[in-house]
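The values are calculated or read from the model by the stated rules, or taken from the named source; none is laboratory data. All of these numbers come straight from a predicted model, not from anything done at the bench.
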Amino acid sequence: MVGSVRSLPQQNEAAAYIEQATREMRDLALRAGLPFLAYLIDMARLEAASQVLAASKEPPQRSGTAESA
């Protein structure tokens, strides 16, 4: 399942893009008089924003390093 494994930077970039795109969709729904749809889209925006925030708080991952005694 190598194709389904994503690195943290790719996930963070995707979440940031989704946050921005759903913000625009939420605003469009509000302007069109669709408040419930705007609410649902905003829930997706908030989830994406929380993923971006969580990724920014994680320490950088080291790959291929081993501690020697």
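Residues in the range 32-59 that are among the hydroxyl-bearing types (Ser, Thr, Tyr) and at pLDDT 95 or above: 2 in all. Being within 17 Å of the chain's Cα centre (by Cα) and either outside any loop (DSSP other than H, G, I, E, B) or modelled with pLDDT under 75 (or both) holds for only one residue in Ala15, Ala29, and it is Ala15.
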